[in-house]
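Have a look at the structure below before the remarks.
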Amino acid sequence: MAHSYGAPNPMITPAQREKLRQFFGAYFHQDWDIEYGTPEQALSAAIRGHESQREELSRFVGLFIEEHPDDEDLDQALWSDLGCEYLPSADGISSRAWLVDVAARLAPPSSS
């Protein structure tokens with residue numbers, strides 16, 4: 001099932017892509033595992049480091065997912081477009097599932 005993440009046009013802009021590249025590249029760089037130990041710890045640090053941008057980043061992650069409906073393309077784009085050196089498949093999960101979780105964790109809590 002496709003998610004719209006509130007966007008009528010799923011194409012991500014270059015500026016949005018750059019913000020994602022800064023987010024993922026800063027925390028999931030070449031030595032992320034040495035610096036943070038686990039993907040969970042790196043993601044928690046990333047979220048804390050971008051508290052004021054959480055909603056925006058969550059939306060951008062959703063747009064990025066929508067832009068790459070093919071799983072192999074998404075795997076490649078996570079690395080080549082966003083500079084993310086973490087490979088979710090190494091932990092037995094797909095890049096898509098991981099990114100959906102990242103978007104959900106970035107999203108502000110619902111006020112229901």
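The values are calculated or read from the model by the stated rules, or taken from the named source; none is laboratory data. The shown structure was predicted, so the numbers you read here are calculated from the model rather than taken from an experiment. Areas reflect the complete protein model, heavy atoms only, side chains present, ligands, DNA and RNA absent. Shrake-Rupley method; radii C 1.70, N 1.55, O 1.52, S 1.80 Å.
Numbers below:
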quantity: Coarse-grained scattering of the chain at q = 0.13, 0.15, 0.17, 0.24 Å⁻¹, given as base-10 log I(q)/I(0) from a Debye sum over alpha-carbon atoms; calculated: -0.44, -0.59, -0.78, -1.62
quantity: MRE, 222 nm, helices only [DSSP H, n ≥ 4, -39500 (n - 2.57), over the chain, to nearest 500]; calculated: -18000 deg cm²/dmol
quantity: Accessible surface of Arg59 - all protein chains present, 1.4 Å probe, nearest 10 Å²; calculated: 100 Å²
quantity: Euclidean distance of C-alpha centroids, the stretch 19-39 and the stretch 64-90, integer Å; calculated: 14 Å
quantity: Solvent-accessible area, 1.4 Å probe, carbon plus sulfur percent, for the stretch 55-110; calculated: 52 percent
